[in-house]
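**Student:** One structure, as structure tokens, below. Some questions next.
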Amino acid sequence: MIRLFIPLFFITFNSYAQEWDYHSIFKDINYHKDDLSFARSADSFIKMVAKKKIDKKKLKKISKSVGPDSSFKKYDTLVKQTITYFKKKNSFNSCPKIISQEIETQDALKKGWQKSLKRFCRYKLLERILKKKSLKGHKKLFISSLPYYLKGESFKKFRQLLKTLSRNRDEIISLVSSTIISEGLPLKASIITQLDIDKELTTYIQQKGLNKKIKQKYFLNEFKFLVDSMVQGPGEFRAPVLNFYQNNQQYLPRSKVSKSLVHMGLGHLRRSDFKKSNKIFTLAQELTTGQDEKETVFSLLWPFIVKKDYEDGASFIRKNRMLENFNNFSPRTQFWITYCLHKNKEVILSKGLYKKIIRDFPINYYAILSLKYLKKIVADIDDKILFKPIAIDSLKSKLKPHMLDGDLTKILKRMMAWLEVGQVKYYQNELNNLLTHQAFASNDFFKSSLVFNLIGLLNHKQEHLQAFKLAFWSMENNFLKFGAPTLKALFPFAYIKNIKQVNTKIDPIIVLSLIRQESAFNPWAKSSAGARGLMQLMPGTANHVAKKKIKKIKLHTPKINLELGISYLKKLLDKYDGNLIYTLAAYNAGEGRVRAWKGKYFTSDDPLIMVESIPFKETRKYVKLIYRNIFFYRYLTNDSEISMSIRDSFKISFN
């Protein structure tokens, strides 16, 4: 069982701390203050353009920051050209030229800059036409801009033009209609009401289907209602449902039918209503495609596992050729196929399949489960089977600082400057420039050394999320193997001292594993739902835990966020008697949902089945990933609890 109080852990951590420090030949490469000024100002300028404002002072500031040795020197022409465009008081004067120019660059900043200017000018074009109340002198530009307006750009202003412009109205309506037809654009009701529906447009509407989405939604709801009502009764199920589908295929896209059947089947499956789920999934085998088809086969296997009917489960596996198609299944399906065969006493076969899962998906939740079950077959197997040997010294030293020419160094500086201002898109563009640079194009070993050192630099700069992404990409593309050095990059011990200072009664590994998943150690992280800081606390939760109003900005302070977050996590652990699944599910989805799921979905005391029964995909994935994080952090600290049984590893006990 996982302990909440582990005094020896702190000694272990200190003795391993030095090994977790990442070396990078790039650590002494720093951008100039003018580079950061350029990045901030350019980012700000583009955002202002999106608000239909040209900040001329900002443009001059950007231009001044581009010195002879600037890392952003390649953008000097772009900036000066933009200054020239908007030199005059009338900001529309250069717009015809800007709108007409083709964007031919692959550079993310240049492309984003030019696109924003084009959008600005197309908006100004509408303003100009409305002001003059005429198309005169702007017809050609208007025609070239129409597809963008009809797709939603400056839509409010465009609709205003259609409603209010009386001069040239017939011509404008004709242009709009012909553009819709020639471009094959979807029809918006708010636009249709402004048009004169002639014969040609009527034909287009009939063919395209103005209400196609509405019809699809209606027939899909009818299909789901039929499935739901027929599956409840004792009579024939397959024939009437299949007949309805075949008679209305034009309004029932197979992909949507496929997803609907899988979703409905899973609802019954997670409630252990195997008779109904089996009916739906058996039908789904005939209609599902792609990933949904694989989900269907797995869902038909699942009842055998839940009911512990491993002999019939093994027969199902062979009947459906799941072993022949083993490589095509997800790690989850591969694991449960292997588990079923293992429980059916097919030891030699399952041993080989467990090893394959570990080899193919070493950092996956199911690789950890496979390792634990493999140990039941081969008692003395080492956890290091997950890892491949890496010559860390050669990765560090193969790429020498003197090998980085001026161009490569400038790319690195731009990368770091973009990350500093939070512009990940531009950082990724520069990262791609670096990885595809001719210096590394024909030498994979140099590229391996490059990404290894880049990961070190990113972690050094506390850009952990980007370090994780680069490490995963490198492993997927075989530039790095999954060994101990890679593991240290993927599971940093950021904020460990802060965690220990807040609470010595809770295992810091649990908190660390949660933070890695919640915020990737970014104290300024903010979710779309409004969760904030390292432990992604909702303001309401923070106020409840603190028993007072906490300013939202305070939740980005690591000390405050950790104090409140750890307190809330401890409360959940107490509430659920150390049940890690309930605790993590409640932290992610809310205590109310866990309360509802307990009687409806959590009908087995087997932790692995319980995890698979979580109805929310996001929460299910969340629990698996944090369990994985805990395992690998324990490996890095040589914690003996890494070898505990699966059941005990999902339970946290209190001393």
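**Student:** Can you work out which of the residues in the range 217-272 that are of a type in the set (Ser, Thr, Tyr) and within 29 Å of ILE609 (Cβ to Cβ) is surrounded by the fewest Cβ atoms within 10 Å (Cβ to Cβ)?
**Tutor:** SER272
**Student:** Here's something else I'd like to know. Of PHE72, PHE38, PHE86, PHE45, which residue is assigned by TED's automatic domain parsing to the domain that holds GLN114, in contact with a helix residue (DSSP H, G or I) (Cβ under 8 Å, 6 or more places away or on another chain), among the aromatic types (Phe, Trp, Tyr) and at pLDDT below 95? Let's see the steps before the verdict.
**Tutor:** On the way: PHE72 fails: at pLDDT below 95; PHE38 fails: at pLDDT below 95; PHE45 fails: at pLDDT below 95.
After applying the criteria, what remains is PHE86.
**Student:** Sticking with this one: Sort through ALA471, ALA489 and tell me the only one that's closer than 26 Å to GLU618 by Cβ, without any contact (Cβ under 8 Å) to a residue 24 or more places away in the chain, aliphatic (A, V, I, L, M) and not in a loop (DSSP other than H, G, I, E, B).
**Tutor:** That would be ALA471, the only listed residue that is closer than 26 Å to GLU618 by Cβ, without any contact (Cβ under 8 Å) to a residue 24 or more places away in the chain, aliphatic (A, V, I, L, M) and not in a loop (DSSP other than H, G, I, E, B).
**Student:** If you don't mind, another one. VAL49 fails exactly one of the following numbered conditions: (1) over 21 Å from LYS89 (Cα atoms); (2) crowded, with 16+ Cβ neighbours inside 10 Å; (3) in contact (Cβ under 8 Å) with a residue 40 or more places away in the chain; (4) out of contact with any Lys or Arg (no Cβ under 6 Å at 6 or more places or on another chain). What is the number of that condition?
**Tutor:** For VAL49, the failing item is (1).
**Student:** Among the residues of the range 95-120, write down those that are among the hydroxyl-bearing types (Ser, Thr, Tyr) and without any contact (Cβ under 8 Å) to a residue 12 or more places away in the chain.
**Tutor:** THR105
**Student:** Within the range 597-604, does at least one residue satisfy the condition of being free of Cβ contacts under 8 Å to residues at least 40 places away in the same chain and closer than 19 Å to SER513 by Cβ? Spell out the reasoning first.
**Tutor:** Filtering the range 597-604 for residues free of Cβ contacts under 8 Å to residues at least 40 places away in the same chain gives 597-599, 602.
Cutting the leftovers down to closer than 19 Å to SER513 by Cβ gives us none.
No, that holds for no residue.
**Student:** Is there any pair with a first residue in the range 225-251 that is assigned by TED's automatic domain parsing to the domain that holds HIS268 and without any contact (Cβ under 8 Å) to a residue 40 or more places away in the chain and a second that is in a helix (DSSP H, G or I) and polar (S, T, N, Q) whose Cβ atoms are under 8 Å apart and which are 6 or more apart or on different chains, and what are they?
**Tutor:** Filtered contacts from the range 225-251: TYR251/GLN216.
**Student:** Turning to a different aspect of this structure: Taking the criterion of being of a type in the set (A, V, I, L, M), farther than 22 Å from GLN517 by Cα and crowded, with 18+ Cβ neighbours inside 10 Å, would at least one residue in the range 457-477 satisfy it? Show your work before the answer.
**Tutor:** Residues of the range 457-477 that are of a type in the set (A, V, I, L, M), as a first pass: 457-458, 465, 467, 470-471, 475.
Restricting the remaining residues to those that are farther than 22 Å from GLN517 by Cα gives none.
Within the range 457-477, none of the residues are of a type in the set (A, V, I, L, M), farther than 22 Å from GLN517 by Cα and crowded, with 18+ Cβ neighbours inside 10 Å.
**Student:** Related question: Considering only residues that are among the acidic types (Asp, Glu) and at pLDDT 95 or above, look in the range 292-326 and name the one that is nearest to ARG271 (Cα to Cα).
**Tutor:** Across the range 292-326, the extreme among qualifying residues is ASP309.
**Student:** Here is a follow-up. Would you point out the residue of the range 508-559, among those that are part of a helix (DSSP H, G or I) and among the polar types (S, T, N, Q), that is surrounded by the most Cβ atoms within 10 Å (Cβ to Cβ)?
**Tutor:** SER513
**Student:** Looking at the range 455-499, which of its residues are over 22 Å from TRP418 (Cα atoms) and of a type in the set (Ser, Thr, Tyr)?
**Tutor:** THR486, TYR495, listed by residue number.
**Student:** Let me ask another. Quick one: is ASP605 farther than 20 Å from TRP302 by Cβ, in the same structural domain as LYS505 (by TED's automatic domain parsing) and modelled with pLDDT under 95? Before you say what the answer is, go through the steps one by one.
**Tutor:** Numbers: farther than 20 Å from TRP302 by Cβ: no; in the same structural domain as LYS505 (by TED's automatic domain parsing): yes; modelled with pLDDT under 95: yes.
Answer is no for this residue.
**Student:** Can you pull out every residue in the range 613-631 that is surrounded by fewer than 20 Cβ atoms within 10 Å (Cβ to Cβ) and either assigned to a helix (DSSP H, G or I) or in contact (Cβ under 8 Å) with a residue 40 or more places away in the chain (or both)?
**Tutor:** Answer for the range 613-631, where residues must be surrounded by fewer than 20 Cβ atoms within 10 Å (Cβ to Cβ) and either assigned to a helix (DSSP H, G or I) or in contact (Cβ under 8 Å) with a residue 40 or more places away in the chain (or both): PRO615, LYS617, GLU618, ARG620, LYS621, LEU625.
**Student:** I would also like to ask the following. Quick one: how many residues across the range 189-240 are basic (Lys, Arg), farther than 16 Å from LEU175 by Cα and at pLDDT below 80?
**Tutor:** Going through the range 189-240 one residue at a time, the tally reaches 4.
**Student:** Kindly evaluate TYR635 against the criterion of being on the phi < 0 side of the Ramachandran plot, aromatic (Phe, Trp, Tyr) and either in the same structural domain as PHE274 (by TED's automatic domain parsing) or within 23 Å of the chain's Cα centre (by Cα) (or both). If you could, list the steps in order and put the result at the bottom.
**Tutor:** Working: on the phi < 0 side of the Ramachandran plot: yes; aromatic (Phe, Trp, Tyr): yes; either in the same structural domain as PHE274 (by TED's automatic domain parsing) or within 23 Å of the chain's Cα centre (by Cα) (or both): no.
Criteria not met by TYR635.
**Student:** Separate question: LYS500: at negative phi, assigned to a helix (DSSP H, G or I), in contact with a helix residue (DSSP H, G or I) (Cβ under 6 Å, 6 or more places away or on another chain) and not β-branched (Val, Ile, Thr), yes or no? Spell out how you get there, then give the answer.
**Tutor:** Details: at negative phi: yes; assigned to a helix (DSSP H, G or I): yes; in contact with a helix residue (DSSP H, G or I) (Cβ under 6 Å, 6 or more places away or on another chain): yes; not β-branched (Val, Ile, Thr): yes.
Yes: the conditions hold for LYS500.
**Student:** Which of the residues spanning the range 528-584 are of a type in the set (S, T, N, Q) and under 18 Å from SER513 (Cβ atoms)?
**Tutor:** Within the range 528-584, GLN536, ASN561, SER567, ASN579, THR583 qualify.
**Student:** Could you list all residues from the range 601-655 that are in contact with a Pro (Cβ under 8 Å, 6 or more places away or on another chain) and farther than 19 Å from LEU569 by Cβ?
**Tutor:** TYR601, ILE646, ARG647
**Student:** What's the number of the condition ARG516 fails, among (1) within 19 Å of HIS460 (Cβ to Cβ); (2) among the charged types (D, E, K, R); (3) at pLDDT below 95?
**Tutor:** Only one criterion in (1) within 19 Å of HIS460 (Cβ to Cβ); (2) among the charged types (D, E, K, R); (3) at pLDDT below 95 is unmet by ARG516, namely (3).
**Student:** Being modelled with pLDDT of 75 or more and either farther than 30 Å from GLY265 by Cα or surrounded by fewer than 13 Cβ atoms within 10 Å (Cβ to Cβ) (or both) is the requirement here; does LEU185 meet it?
**Tutor:** For LEU185, the condition - modelled with pLDDT of 75 or more and either farther than 30 Å from GLY265 by Cα or surrounded by fewer than 13 Cβ atoms within 10 Å (Cβ to Cβ) (or both) - is met.
**Student:** Okay, next question. Give me the pairs: first residue in the range 362-387 and in a helix (DSSP H, G or I) and of a type in the set (D, E, K, R), second residue modelled with pLDDT under 95 and buried (at least 21 other Cβ atoms within 10 Å of the Cβ), beta-carbon distance under 7 Å, and six or more apart or on different chains, which are they?
**Tutor:** Taking only residues 6 or more apart or on different chains, the pairs are ASP383/LEU371.
**Student:** Now for a different question. Take THR603 and decide whether it is crowded, with 21+ Cβ neighbours inside 10 Å and among the β-branched types (Val, Ile, Thr).
**Tutor:** No; evaluated as a whole, the condition is false for this residue.
**Student:** Follow-up. So how many residues does the range 63-116 have that are outside any helix (DSSP H, G or I), of a type outside the set (Val, Ile, Thr) and surrounded by 19 or more Cβ atoms within 10 Å (Cβ to Cβ)? Spell out how you get there, then give the answer.
**Tutor:** Quick first cut of the range 63-116, residues outside any helix (DSSP H, G or I) only: 66-72, 86-94, 101-107.
Still in the list and also of a type outside the set (Val, Ile, Thr): 67-72, 86-94, 101-102, 104, 106-107.
Okay, now just the ones that are also surrounded by 19 or more Cβ atoms within 10 Å (Cβ to Cβ), so 70-72, 86.
The qualifying residues number 4.
**Student:** Please identify the pairs in which a residue from the range 132-153 that is under 19 Å from LYS188 (Cβ atoms) has its Cβ atom under 8 Å from the Cβ atom of a residue that is among the polar types (S, T, N, Q) and outside any helix (DSSP H, G or I), counting only partners at least 6 apart or on another chain.
**Tutor:** Qualifying pairs under 8 Å: TYR148/SER154.
The values are calculated or read from the model by the stated rules, or taken from the named source; none is laboratory data. Quick caveat, the model's predicted, so the values are computed rather than measured. Glycine gets a Cβ as well: all are built from the backbone with ideal geometry, and neighbour counts include every protein chain shown.
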